1. Helix 120-133 sits at what angle to the longest principal axis of the chain, using alpha carbons and giving 0 to 90 degrees rounded to 10?
2. Relative to the longest principal axis of the C-alpha atoms of the chain, give the angle of the C-alpha long axis of helix 192-207, reported between 0 and 90° and rounded to the nearest 10°.
3. Over the chain, with a Gaussian network built from C-alpha contacts below 10 Å, which listed residue (171, 147, 230) shows the highest mean-square fluctuation?
4. Hey, if you put +1 on the Cβ of every Lys and Arg and -1 on every Asp and Glu Cβ in the chain, which of 107, 257, 74 ends up farthest toward the positive end of that dipole?
5. Given charges of +1 on the Cβ of Lys and Arg and -1 on the Cβ of Asp and Glu, with all other atoms neutral, how large is the dipole of the chain about its Cα centre, in debye to the nearest 20?
6. Once semi-axes √(5λ) of the Cα gyration tensor in Å is worked out from the coordinates, which option in [x] 34, 19, 18; [y] 28, 25, 18; [z] 40, 29, 17 does it equal?
7. Accessible area per residue of region 1-148 at 1.4 Å probe, in Å²?
8. Taking θ as phi - 60°, what are the ³J(HN,Hα) couplings along region 50-55 by the Karplus curve (6.51, -1.76, 1.60), each to the nearest whole Hz, with x for Gly and Pro?
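The values are calculated or read from the model by the stated rules, or taken from the named source; none is laboratory data. The shown structure was predicted, so the numbers you read here are calculated from the model rather than taken from an experiment. Heads up, the Cβs are rebuilt from the backbone with ideal geometry, glycines too, and the neighbour counts pull from every protein chain shown. Keep in mind that these areas ignore ligands, DNA and RNA; they rest on the heavy atoms of the full protein, side chains included. Shrake-Rupley method; radii C 1.70, N 1.55, O 1.52, S 1.80 Å.
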Amino acid sequence: MKKTNRMGNILLIIVLLLGSLIMIVPFLWMVLTSFDWQARLNIPFPPRFWPEEFSLRTYTLAFTNIPMLKYIVNSLIISLGVIIISLTSALFSGYAISKLKFKGSSIVLVLALSTMMIPFEMTMIPQYLLFDKINLLDTYWAFYLPALNFAFGTFLAKSFIDQLPNTLREAGIIDGANEFLVFLKIYLPLCIPILATMVILQFLAVWNDLLWPLLALQTPDKYTIQLGLAMFSYNKDLPLPSVIMAATTVSLLPVIVTYLFLQRYIVESIALSGMKQ
């Protein structure tokens, strides 16, 4: 039996290593190609994993030909606004459904989760027409207002808060705190792990989004990083593959830094989700 378990673990490790290579190799190739000056006109085939002529000039060209800093700042403004609004909405609604137990709370949760079954492609045209009617296109409000409905975040917050003892709320109320203070002073500090998970999910979704910014933004000065890179890559006058790779690498740095900074909280939230009261 032990030998069978050992073989199973070895097989699992091999499969995970192969899966990791499949995910990591394209990323490493992109980063290394971004330093390859010889690849500025054509991507070499078969691909090489070490630059033939190592150079930082590709990054210089990327920042020269693309307003990278402006696009990154725009993406950060949109991402931070969406994260603040969506997490606030998810935490308040998750706490209310979990601890207040008002009449019809389960129906509210089901209705909120049912919105996740509707693909964005079905709602983007009505959403576009709505924001056009109220003159909010080409503004950041076209991103902030939809963030009020973060159904998956509500579900995550509710599931996490369910595991926190009800006695904490009762003790706070006995001490004279109102419901808002109970949530703010007692439950919110305990929700940091699930907050970190939701930050990662929302940041990835907003930072990598292309379709909605393409519809909502019309002024180049307001473009997000992904929209700006898409416009640059389709510019036939600048066929510079290594420069595009350099710009793409720079665009991924905020995502990587955010994940590395918050990963320990994500692991903690996964560990806590398996605990029983």
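1. Tilt relative to the chain: about 90 degrees.
2. With both axes taken from Cα atoms, the answer is about 40 degrees.
3. Greatest mean-square fluctuation among the candidates belongs to 171.
4. Looking along the dipole axis, the top candidate is 107.
5. Using only the charged Cβ atoms, the result is roughly 800 debye.
6. [z]
7. Each residue of region 1-148 exposes 66 Å² on average to a 1.4 Å probe.
8. 9, x, 5, 9, 5, 7
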